1. Sort out which residues of region 246-268 are without any contact (Cβ under 8 Å) to a residue 12 or more places away in the chain and of a type in the set (S, T, Y), and write them in order of number.
2. Any idea which of M158, M146 is more than 22 Å from S119 (Cβ to Cβ) and modelled with pLDDT of 90 or more?
3. Note down all Cβ pairs under 8 Å where the first residue falls in region 269-297 and is over 23 Å from Y97 (Cα atoms), the second is basic (K, R) and part of a helix (DSSP H, G or I), and they're at least six residues apart or on different chains.
4. Just need a number here: residues in region 134-147 that are exposed (fewer than 13 other Cβ atoms within 10 Å of the Cβ) and without any contact (Cβ under 8 Å) to a residue 24 or more places away in the chain.
5. Can you go through A81, A55 and tell me which one is surrounded by 19 or more Cβ atoms within 10 Å (Cβ to Cβ), in a helix (DSSP H, G or I), outside the structural domain of A276 (by TED's automatic domain parsing) and of a type outside the set (S, T, N, Q)?
6. Looking at I105, I110, can you tell me which residue is more than 24 Å from A222 (Cβ to Cβ) and either in a strand (DSSP E or B) or under 21 Å from the mean Cα position of the chain (by Cα) (or both)?
7. Listed residues V173, V177, V153, V157; which is part of a helix (DSSP H, G or I), under 22 Å from the mean Cα position of the chain (by Cα) and not hydroxyl-bearing (S, T, Y)?
Amino acid sequence: MIESAAKPRAAVSQPRRAGGFSVGGLLIQIVIVVAALLAVIPFLYMITTSFKTYADVINHVLWPWPPFGNEAPQFSNFPEAITTVGNDTQWKIPLFYRYLANSVIVTGSIVFGSLVTSSLAAYALGRMDLPGKQLLFVVVLITMMMPEDLTLVPKLVMMFNIGWYNTYYALIVPSLVSVFSIFLLRQFFMQIPKDLFEAAMLDGMGHLRFLVSIVVPLSKPALLTVGLLNFIWAWDSFKWPLLVTRESSMRVLAVGLQQFMQGEGGSKVQLLMAFASMVIIPVLILYFVTQKQFREGILNAGLKG
């Protein structure tokens, strides 16, 4: 009796353990690690070079600090890079601070403006019953597929014709509408249950109040994602600010970095890397502060509709 009861138990096969070794999975992990290293190495080179001396740079010293070397980090490269750019003749300050102020003004205005326009357009395309809404959305997507260089000349001529050349209007207004932001927010707004809108209508809400009071609070991850992406695009923008500005006092940090390379600092690689490090620091800080909401916004913005 005991033997007969033991036989079925022995015959039961053990379940295969999930997550076992797989050659394909190992190859994928190796590719991911290599790709991550290729992306990080230039950034690490920029950071480490910004703390080196000129002699270490030209001698290709990889790590001149302890425990492999005896030198101290050259923190003085950063204030020297700021003063090397030159001075603003109007405000009597280093041009770096003028570039920084312009970048903050332009980027802040673009982020705020794109959030407003993208939210309104995405709500109209995703939640309102408008005639020809789907056709209009297709037209919006088509503009996203056009190369940016295709519209540079027409926009530049427009800036000349309306008298906005070398002004903040030229730096800000053409970037106040982001097609990708409209697409991302539309997909997120369409996931909000219709029951909430019907209940809001019973309470006497209109579309605008429903958007501000209910849709926006429920869409904070998507809005933070849109804000972060537009911040990065505006902060790193180089071609358009270079084309629509003439004076150094109107230029932003990305253009200032190019001017730095052409000036006295171009031959001093350690100062160039210090300047570049200061340009990228705000982007890194903002990303690390909002990375959780950024991932959540990207994952939750589905492809409905």
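1. To start, the set of residues in region 246-268 that are without any contact (Cβ under 8 Å) to a residue 12 or more places away in the chain comprises 261-262, 266-267.
The one that is without any contact (Cβ under 8 Å) to a residue 12 or more places away in the chain and of a type in the set (S, T, Y): S267.
2. On the way: M146 fails: modelled with pLDDT of 90 or more.
Of M158, M146, the one residue that is more than 22 Å from S119 (Cβ to Cβ) and modelled with pLDDT of 90 or more is M158.
3. Going by the 8 Å Cβ cut-off, the qualifying pairs are Q293/K220.
4. The total comes to 8.
5. Of the residues listed, the single one that is surrounded by 19 or more Cβ atoms within 10 Å (Cβ to Cβ), in a helix (DSSP H, G or I), outside the structural domain of A276 (by TED's automatic domain parsing) and of a type outside the set (S, T, N, Q) is A81.
6. On the way: I110 fails: more than 24 Å from A222 (Cβ to Cβ).
Within the list I105, I110, the selection yields I105.
7. Details: V177 fails: part of a helix (DSSP H, G or I); V153 fails: under 22 Å from the mean Cα position of the chain (by Cα); V157 fails: under 22 Å from the mean Cα position of the chain (by Cα).
Residue meeting the stated conditions: V173.
The values are calculated or read from the model by the stated rules, or taken from the named source; none is laboratory data. All values reported here derive from a predicted model rather than from experimental measurement. Because the Cβ atoms are built from the backbone with ideal geometry, glycine has one as well, and the counts that use them run over all protein chains shown.
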